[in-house]
Amino acid sequence: MENSSNKKLLNPFALPSETDARFRLLIVAVIVTSLILGNYIPVYFLPDDLTKDLLSPDVNFTEKNLDSPDYLKESGMNMIYNSLEYFPSIIVMFFILFLTTVCIVIIYRRHPGNIKSKQNLISADKDETGKYLRLKEEIKNLSDRCGIDPPEIFIAPQFTTGSQAFGVSEHKSIRIDNGLRLMLIKNREKFRSVILHELGHFANRDVTKTYISQSVWKAVLYVFAIPTFILAVFTLLNNVIRKLSGGLESGDIKDIFFQSIPAFIILILSLTGVFLTIHLLLKSILRTREFYADRRAANEGVKESLISYFGENLNKEKISSGIKGFFRWHPSLKERIDCLKDPSVLFVMRYDLCFFVGLLIPFSILSILTLGKVAISLTGIISGAGQVVSQNPGFNFLTILISILLFILLCFVPFIITSYLISSSLGNQIQRSVIFSLSSGDKKIPGFKKLFLISLILTIGMAAGCLILPYFSVLNIFITSGVKEILTEKLPFMILTIISAFTVNFLWVYFVEHFSESLFCRYNKSEKPGKRNFIFNIISSLLLSVMILPVAVFYFKIYSSEIELLNELLIYLLIAVPVIYIMVFILTGLILGIVNSKKIACNNCGKQLPQGNLIGKNCDNCNSVISRWLYL
Ligand SMILES: [Zn+2]
Ligand SMILES: [Zn+2]
């Protein structure tokens, strides 16, 4: 081992990076925000009576009567008309989602051009004087060393020593400040460490993630943030003026102070919360990616020169602590030095990630409702059309079957995809922390405390998510309901939602922790778990998306305790979910157990190994490191 203290260092690239995990969360955040805001923005442009129709059209389902063909035909027409009621809102919603996507793509594709023109960059590749020959040569050599195609080189006029990796997909570009160019002559080692860090961003595929994230933030700002704030102010003023115009009555003033203004404040708070979340996710992606790029550079042999380079600037750096730390664009130099010395810190769970994951869960749940609208509409049209075209029972059965399948596809597939993205991000970080505690030997008691803490922060995140959901914030209930109603109907369901959420989170986190331990400790002594790990991620994600359903029902009941269907659904779910959890637990155990019963042998000498945690230990026969792939 290169390390003199003989301590094995965990390899941050052994598992998918935390940058990936955070990037997934950002993508989920922007999709669910677009769906929810896209569903509500049209409301501002409609009169009150149409607004109600738009959000929940009156659909009169015809009673089933298979006796007369005429009746079937008529009810088929009814179904089509009912479904068409939803269409305007669906079109607006998808238009807004489409607009956001187009905005993101345009901003993303234009970023290289913008960077070049804003910073007056000149292409070194097009230079014919030959003064950049050595620079090009050097960067080409370093790129070969990292195994990537050499980027196009751009020179910035200023004499600072900065550098920046950018570019769209395969077209890699790098900005070199004039000062950095001169450093190649003055201090070649330092030059190399800066360039290798930037090339590390290419190798980690950070450039796409970074600029897509920045485009997401800008698109959200233009498409949603500015318009929704303006609309909210406009609605408040409109409400106040309308109430005042009919002559001032004491009831109106009460309405303004106890309804319009609080509703406005809640909306502004929730919109701020949503945009802040997206902004903080962006910044955390930008900070996290630096550690991994530093590590790439260190792997190419410039660890010590990077540490000394950061060390020189350490005193000049302003340190922002506490909450301010979440707003930083870059990690502090001290953090970067610590991480270079021991990258195992990248295996420690960062609790802000748990919070963000929790925050996105209510958004993901609510977007089912939005997609449900699309599903109801399309299934209504298909089965209605089926009845109009033919009154044959077999044919009708077929169209109904197709529409049910479509309904499931539209409602649950997006939900499952978002829960996969959400839970695999957290799952990935739990796996990292499991590896950390297994290899550092601190286990058991802190492990249980940690599970509790993760579930608690997840639950707090979920509660915060319920508060900041635009238009659906739980806070709205306190304005629209009376004190008695709040105490007897709303509060009990709020408490039940929190208790069930915590229970589900705890059980799920326990599941992931328990089987990650089995996965890494018992079965993958010498090679990467690869496919097995991927399958485990899918199973745990599906499990979470099922387990969260009773929480979702309790949550919906806060808004409306009268829907009979929810009560029935709740009873089934409360019985089914524990059974499913236990079954999945046993099955996962069995599957991993079958693998376990196979002989586990040292990858190097083939000697059979004993049971137990062997991560990072040496084979007592040939002395090679077990689970070598986890270490640098
Ligand atoms: Zn960087
Ligand atoms: Zn061996």
Show me, for the stretch 571-583, the HN-Hα J-couplings you get by feeding each phi into the Karplus relation (A = 6.51, B = -1.76, C = 1.60, θ = phi - 60°), rounded to Hz, glycine and proline as x. 4, 4, 5, 5, 7, 5, 4, x, 5, 4, 4, 5, 4
Given a Förster distance of 35 Å, report the FRET efficiency between residue 580 and residue 98 from their Cβ-Cβ distance, rounded to the nearest 0.05. 0.45
Can you pick out the pairs among 186/218; 186/318; 136/303 whose Cα atoms lie more than 31 Å from each other? 186/218
In terms of the Cα gyration tensor, with a ≥ b ≥ c the square roots of its eigenvalues, is the stretch 115-202 rounded because a/c is under 1.5, prolate because a/b exceeds b/c, or oblate? rounded
What residues from the stretch 377-403 fall in the zone where the backbone N is under 20 Å from a label point 7 Å along the Cα-to-C-beta line of residue 70? 387-393
Name the chymotrypsin sites (Phe, Trp or Tyr not before Pro) in the stretch 281-377 that are in a loop by DSSP and that have at most 11 other C-beta atoms within 10 Å, would you? 329
For the chain, what is the percent of antiparallel DSSP beta bridges, rounded to the nearest 5? 70
With all pairs of different alpha carbon atoms counted, what Kirkwood hydrodynamic radius in Å does the chain show? 28.1
What spacing in nm lies between the two simple spin-label points modelled at residue 128 and residue 452, each 7 Å away from Cα in the Cβ direction? 7.4
Would you please give the residues with an amide H less than 5 Å from that of residue 152, counting only those at least 5 places away or on a separate chain, with H modeled from the backbone geometry? 172, 173, 174
Once you place label points 7 Å from the Cα toward the Cβ at residue 532 and residue 510, how far apart are they in nm? 2.4
For the stretch 115-202, share of DSSP beta bridges that run antiparallel, in % to the nearest 5: 60
Do any of 283/341; 8/140; 172/528; 254/484 go past 21 Å between their Cα atoms, and which? 283/341; 8/140; 172/528
Based on the Cβ-Cβ distance of residue 237 and residue 313, what FRET efficiency does E = 1/(1 + (r/R0)^6) give at R0 = 60 Å, to the nearest 0.05? 0.75
Here the cysteines of the chain without any disulfide-compatible Cβ partner under 4.7 Å are 103, 146, 339, 354, 411, 466, 521
Loop-only check: which trypsin sites (Lys or Arg not before Pro) in the stretch 383-444 are DSSP coil with at most 14 other Cβ within 10 angstrom? 443, 444
In nm, to one decimal, how far is the modelled label at residue 613 from the one at residue 258, with both set 7 Å along Cα→Cβ? 5.9
Normalised contact order of the stretch 416-506, rounded percent, pairs of Cα under 8 Å and 6 or more residues apart: 34
Please find the FRET efficiency linking residue 487 to residue 229, where r is the Cβ-Cβ separation and R0 is fixed at 41 Å, and quote it to the nearest 0.05. 0.75
Whole-Hz couplings from phi, Karplus 6.51/-1.76/1.60, listed for the stretch 561-569; x for Gly and Pro: 8, 8, 5, 4, 4, 5, 4, 4, 4
So for the chain, taking the charge dipole from beta-carbon charges (+1 Lys/Arg, -1 Asp/Glu), which of 183, 258, 417 sits furthest toward the positive end? 183
In nm, what is the difference between 0.36 nm times the number of residues separating residue 120 and residue 590 and their Cα-Cα distance? 163.0 nm
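The numbers here are math on the coordinates, done by the rules we state, and not lab data. Remember, it's a predicted structure, so these values are computed and weren't measured experimentally. A quick note on method: Cβ atoms are made from the backbone with ideal geometry, for glycine too, and the neighbour counts reach across all protein chains shown.
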